[in-house]
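Notes to accompany the following structure.
Coordinate-derived values only; no laboratory data. Source: prediction; values computed, not measured.
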């Protein structure tokens, strides 16, 4: 596997991650995998967690070249019982935890009416309840450290909404609210809380999503967006678009770790994330009217060459 120069450039001088222990969920691929790599490069030990054993072992293999400790935990963090056992296993391996990255995430592409109860619960339990439950288990450990951090992955969909992502929106708005409230509650402690809003990242979330036969095309917003960003209608087409044109997850991980270093409570990853935040601030209820303007520079960049 080939990595780009920017993966390690900034982290080499980040002494604060040295000798830290980081727990990372969703570490089998994407942002979680590259957070693990960069933290190991910076001298941290990591507890990597994922529900997919194949990809988790691939991450482990990459991390083996570093001298610090790596523990591997095959776990479905959507289960409250599993989260408790996971915490016990991590403590058995590492004795303490300094950083928690709640990164695991899934989605369903369907309207609220057509989303099955099973699929709805799958998204809510994985994206929101897992964040809350794992934080509840690990927070007492973090508070014992000299300095510690909780890093929760929200999304641009924790700021704005689009059709057919109602379950995902509930979780990502929830993660944002939970993170901001927790940050205030812990403001006088040694634990910093960071909420991350990634934009268009080249990860596997679309290919792993539970979807209908295709996005509903009778919505005006979707028609506008499909013209601006030709993502296709099938799951395969959308997944390929995200993989090809999305920000490389190693770069996203680098931005996140830099944000922690700078103690940024909200970390926007990508130009699109920043633009969506601006559009929501300007027009809280009708921000979609600004999308054609705000997505224009992104469209121009993508028409020139893939973003990596």
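A few points about this structure:
- Normalising by residue count, region 95-161 has a Cα convex hull of 95 Å³ per residue.
- Centre-to-centre separation between the Cα atoms of region 106-180 and those of region 255-280: 17 Å.
- Volume of the convex hull of region 94-133 (Cα atoms only), normalised per residue: 77 Å³.
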